[in-house]
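The values are calculated or read from the model by the stated rules, or taken from the named source; none is laboratory data. Everything quoted here is computed from the prediction, not taken from an experiment. Positions of Cβ are backbone-derived with ideal geometry, glycine not excepted, and every protein chain shown enters the neighbour counts.
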Amino acid sequence: MSMATGSKGQTSDMNVTPLIDVLLVLLIIFMVVTPVPPKGLAAMMPQPPQKDQPAGPENTVVVQLMERGLGQEPTLKINQEDATWDSLQGRLTDVYKMRAEKVMFVRADDDVAFQSVAKAIDIGHASGVEKIGLITFKTEVTKPARI
């Protein structure tokens, strides 16, 4: 800021150097103090199997939705056992009650509406399932490698 009075008058300039020094120090302090969230991948640790839990491929739970016809809800199977929409949540809750890995797969026929698949996924989440995967016909069929 300057002030001029006449040709031989006084001029006074404000010294802003200390102000800039203080601002730079505060900037450095806030940069150092600001917590940086840790970055990395979330890793799942393998859990030991429960005594009541069978080992092997029986651990995989697959909910199948099969089309019955026009305008009808698809039929359900849990690992090849028949189920109904009313009993699905209770049966899944019983299955996942003592499991360490809460993973479920949903397989639906091509003609099944996505609304029914979404309903099965919602019921799975309500039953305590943490991760749900979708199985398609293409992932089940493996083609031999060409040499």
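Data for the structure
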item: Pick from region 129-147, criterion of a type in the set (A, V, I, L, M) and in a strand (DSSP E or B), ranking: modelled with the lowest pLDDT; result: I135
item: Residues that are assigned to a loop (DSSP other than H, G, I, E, B) and farther than 19 Å from G90 by Cα, drawn from region 106-128; result: D109, D110, D111, V112, A113
item: Qualifying residue in region 6-24 (condition: in a loop (DSSP other than H, G, I, E, B), within 30 Å of I121 (Cβ to Cβ), of a type in the set (V, I, T) and at pLDDT 65 or above); result: no
item: Residues of region 79-115 satisfying the condition of being hydroxyl-bearing (S, T, Y) and surrounded by fewer than 18 Cβ atoms within 10 Å (Cβ to Cβ); result: T84, S87, T93
item: Sole residue being out of contact with any Ser or Thr (no Cβ under 7 Å at 6 or more places or on another chain) and outside any helix (DSSP H, G or I), chosen from L70, L76; result: L70
item: Test set (1) under 13 Å from K119 (Cβ atoms); (2) part of a helix (DSSP H, G or I); (3) at pLDDT below 90 - V95 fails condition number; result: (1)
